[in-house]
Amino acid sequence: MKTLRLDGQSLTLEALAPLALAGERGAQLRLTVDRGALDGVREARAMVDGKVAAGEVVYGLTTGFGRLKNVAIADEDLEELQRNLILSHCCGVGEPLQVAEVRLAQVLRLNGLLRGHSGVRTQTVKKLVRLFNAGFVPVVPSQGSVGASGDLAPLSHMAAAYMGQGEAVLLTDRPGKVRTAKAALKAVGEEPLVLGAKEGLALINGTEIMKAVGVAVLLRAENISRAADAVASLTVEALQGSVRPFDERLAELKGADNNEELDSRSGHRRTAANLRACLADSEIITSHLDCDRVQDPYSLRCVPQVHGAFKTALSHVRCILAGEINAVTDNPLLFPETDEVISAGQFHGQPISMVMDYLGLALCTLANISERRVEQLVNPDLSGLPPFLTRDAGLNSGMMIAQVAAAALASENKILAHPASVDTIPTSACQEDHVSMGTIAARKARSILDNVEHVLAIEWLCATQGLELRTDLAPGGGAEAIRQRLREDVRPLRKDRYLHNDMRKARELLRNGELVCAAEAAVGPLAP
């Protein structure tokens with residue numbers, strides 16, 4: 001079991017990858033906490049205790065919340081205040097977040113608390129670590145957050161489960177089993193959490209839900225970025241396309257010197273390099289170098305430009321999220337070194353909302369061009385292959401409706417691509433008068449990503465079928481590797497059968513990284 005040490009400042013996306021990518025529950029992971037970070041937590045807590053003892057009126061410590069910020073609360077009611085805050089904010093609706101997403105949120109919330117500006121007790125931090133390590137995962141409804149003041153409703157459900165309210169799952173139980181939170185706590189030998197002053201607000205005022213969903217989408221999208229290039233190479237082989245549009249010199253004619261990762265040439269360069277690697281030593285391409293075809297269709301010829309633009313967008317999103325996962329996003333924030341309490345807007349999710357919309361839009365382009373390549377494969381007037389990739393067309397429909405499904409998914413993405421980040425609606429009696437819709441943007445990007453995986457899986461099926469109908473010549477090593485990997489689980493389509501299972505299996509192999517692993521085993525690492 002891997003161990004992840006949290007200190008509030010050095011968490012990386014790579015460290016979170018096991019949670020995001022290893023299935024619905026994520027990989028087994030154990031948390032530990034840096035001792036130096038706990039010293040900062042103690043200092044901030046001492047500041048909270050001092051202000052409460054002195055009878056100071058401080059928002060979030062000794063007052064109500066939001067529009068009720070001017071209502072002072074007596075010392076003897078502070079514990080009840082925090083409990084009421086959590087329970088009253090448990091207003092989430094809809095399907096639960098994925099278990100892996102909640103576990104990511106648990107880690108991110110802890111990481112933010114460890115910066116030492118939130119005012120929680122060290123025993124609270126240690127309890128949350130124990131609960132995570134015991135496999136205690138709150139059930140968190142996915143809808144109900146406007147993304148400022150952070151993810152109040154879903155984070156409240158998470159906090160409430162620690163308090164023995166609501167529901168939870170245990171990783172030691174069979175998948176799908178849900179317990180009452182109280183029963184789950186008892187099963188792992190823990191008492192319900194009792195909150196002190198400021199702690200309820202510290203647990204729910206933040207952007208950890210949108211960040212958790214966003215991180216999972218980003219890491220899955222990086223797999224998709226590699227997979228899309230490998231699948232496109234297989235389509236190039238099946239359609240007897242040209243490798244010349246992937247010439248490395250063409251990337252140098254794009255853009256100008258800039259940030260290397262965000263330079264438009266970089267995405268183009270990485271895509272073209274992936275295609276060249278997968279197509280290297282192709283007998284098929286060599287066999288038609290002198291054919292009379294002048295130009296390939298855009299969906300083949302422009303892969304470096306389209307996939308490359310996606311890669312550039314992905315680099316930007318990664319840059320933003322890499323910073324945000326170490327951000328302190330609750331309110332108010334404490335600065336023990338100057339004895340200041342500052343109410344600010346760290347909980348506002350606009351930075352995440354905007355890049356999640358951007359990522360969703362970028363993902364749409366992958367589905368759009370992939371679906372067009374599917375059309376090139378199944379249309380005999382364009383491909384020179386049997387109609388719908390079946391020998392006995394008419395009696396058999398072959399991949400006809402697989403292309404229709406790809407078209408439906410690509411079009412659905414265009415609806416989902418409507419930006420959430422441009423929307424806002426006043427809440428809390430206009431105290432919270434501008435909000436980010438960041439969690440909606442992140443969930444929307446996740447839905448688009450799901451559709452893209454399905455579309456690319458359909459292209460993989462069609463390109464494999466098309467190549468096998470075309471020739472006995474050997475394709476490039478990367479293209480051949482992913483053809484073979486698919487055939488380990490999906491047999492060739494000789495006549496019509498129940499295609500849903502083939503599509504589901506191809507998507508599973510693509511999503512879990514086996515497609516990329518097969519390509520990389522043959523040609524070396526592919527660039528995301």
task = Using the Karplus curve 6.51 cos²θ - 1.76 cosθ + 1.60 with θ = phi - 60°, work out ³J(HN,Hα) for each residue of the stretch 201-207 in order, rounded to whole Hz, and write x for Gly and Pro.
result = 5, 5, 7, 10, 9, x, 10
note = Mean Cβ-within-10 Å packing, highest first, puts peptides 469-475, 273-279 in the order 273-279, 469-475
query = For the chain, what does -39500 (n - 2.57) per DSSP helix run (n ≥ 4), summed and divided by total residues, give at 222 nm, in deg cm²/dmol to the nearest 500?
reply = -17500 deg cm²/dmol
Label-to-label distance, nm, for residues given as H316 and V404 (7 Å Cα→Cβ offset) = 3.7 nm
task = Output the relative contact order of the stretch 274-407, whole-number percent, from Cα pairs under 8 angstrom with separation of 6+ residues.
result = 18 percent
query = Label points 7 Å out from Cα along the Cβ direction at T172 and D77: separation in nm?
reply = 4.1 nm
message = Below 8 Å, C-alpha to C-alpha, sequence gap of six or more: please give me the relative contact order for the stretch 2-206 in percent.
response = 25 percent
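Provide the percentage of antiparallel DSSP beta bridges, counting only those with both residues in the stretch 2-206; round to the nearest 5.
Details: 8 of 13 bridges.
Expressed as a percentage, antiparallel bridges in the stretch 2-206 total about 60.
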message = Below 19 Å, Cα to Cα, which lysines can K127 reach? Residues fewer than 8 away in the same chain don't count.
response = K182, K186, K198
note = Checking rank on 476-487, 319-330, with mean other Cβ inside 10 Å and highest first, the result is 476-487, 319-330
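Quick one: net charge of L526's neighbours, Cβ under 12 Å, K/R +1, D/E -1? List each step's numbers first, then the result.
On the way: positive: R226, R270, R276, K311; negative: E222, D229, E520.
It works out to a net charge of +1.
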query = Listed here are the pairs K177/K211; K254/K505; K2/K211; which of them are more than 29 Å apart at the Cα?
reply = K254/K505
query = Contour minus end-to-end for N133 and L395, with contour as 0.36 nm per residue of separation and end-to-end as the Cα-Cα distance?
reply = 88.6 nm
message = Placing +1 on the Cβ of each Lys and Arg and -1 on the Cβ of each Asp and Glu in the stretch 2-206, which of V102, M47, T32 has its Cα farthest towards the positive end of the resulting dipole?
response = T32
ask   = Under a 5 Å amide H to amide H cut-off, with H placed in plane at 1.01 Å, what residues pair with L4 once short-range neighbours are removed?
value = R30, L31, T32
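Taking 25 Å as R0, compute the FRET efficiency from the Cβ-Cβ separation of Q123 and R35 and round it to 0.05. Could the numbers behind the result be given before it?
Details: r = 15 Å, r/R0 = 0.60.
Between Q123 and R35 the formula returns 0.95.
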Loop sites in the stretch 173-229: GluC sites (Glu not before Pro), DSSP, at most 16 other Cβ within 10 Å = E190
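Of the trypsin sites (Lys or Arg not before Pro) in the stretch 1-69, which ones lie in a loop per DSSP and count no more than 16 other C-beta atoms within 10 Å?
On the way: sites: K2, R5, R25, R30, R35, R42, R45, K51, R67, K69; in loops: R25, K69.
When the trypsin sites (Lys or Arg not before Pro) of the stretch 1-69 are filtered for loop state and at most 16 Cβ neighbours within 10 Å, K69 remain.
Every number here is computed from the coordinates shown, using simple stated rules; none is lab data. Keep in mind the model is a prediction, meaning the values are calculated, not measured. Heads up, the Cβs are rebuilt from the backbone with ideal geometry, glycines too, and the neighbour counts pull from every protein chain shown.
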